[in-house]
Amino acid sequence: MARYCEIKPGEPVREPDHVLVVKHDDGTFEVSGTAGAGRPDARYLEPTTFDDKVDALVCAQDFADAHKLSQVYVKGFLVAPEKV
């Protein structure tokens, strides 16, 4: 499972291969990503909008897991730690 990495507004994603979840001002969440950047077989997660944070994070984790990405970048919100 990929770990979450919070980035600030205006801060770029640090890796060419990444998945990013952004919270917009209207409360929706957009998920996008790239795996295999610069290769002919690169995979892209086209920007997809979600009304629910949990659904957006599940989509991001699925893409990260499928492409062995170690981080899910989040911008505009905090991901609460899971309760034990």
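FYI, it's all coordinate maths here, none of it is from the lab. Note that the structure is a prediction, hence the values are computed from the model and not measured. As a convention, Cβ positions derive from the backbone with ideal geometry for all residues, glycine included, and neighbour counts pool all protein chains shown.
Yes/no matrix, rows are residues, columns are (1) touching a strand residue (DSSP E or B) at 6+ places or on another chain (Cβ under 9 Å); (2) surrounded by 13 or more Cβ atoms within 10 Å (Cβ to Cβ):
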| site | (1), (2) |
| --- | --- |
| TYR4 | yes, yes |
| LYS8 | yes, no |
| HIS18 | yes, yes |
| ASP26 | no, no |
| VAL31 | yes, yes |
| PRO40 | no, no |
| ARG43 | yes, yes |
| LYS68 | yes, no |
| VAL72 | yes, yes |
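If you go through the range 34-70 one residue at a time, how many are under 12 Å from the mean Cα position of the chain (by Cα) and in a loop (DSSP other than H, G, I, E, B)?
Total satisfying the criteria: 2.
Taking the range 40-84, which residues are hydrophobic (A, V, I, L, M, F, W, C), closer than 12 Å to HIS18 by Cα and either in contact (Cβ under 8 Å) with a residue 40 or more places away in the chain or in contact with a helix residue (DSSP H, G or I) (Cβ under 9 Å, 6 or more places away or on another chain) (or both)?
LEU45, ALA60, PHE63, ALA64, LEU69, VAL72, VAL74
Exactly one of these conditions fails for ARG3: (1) within 10 Å of the chain's Cα centre (by Cα); (2) under 12 Å from ALA60 (Cα atoms). Give me its number.
(1)
Restricting the search to the range 7-33, which residues are over 19 Å from ASP55 (Cβ atoms) and outside any loop (DSSP other than H, G, I, E, B)?
If the condition is that a residue be over 19 Å from ASP55 (Cβ atoms) and outside any loop (DSSP other than H, G, I, E, B), then ILE7, HIS18 are the ones that fit.
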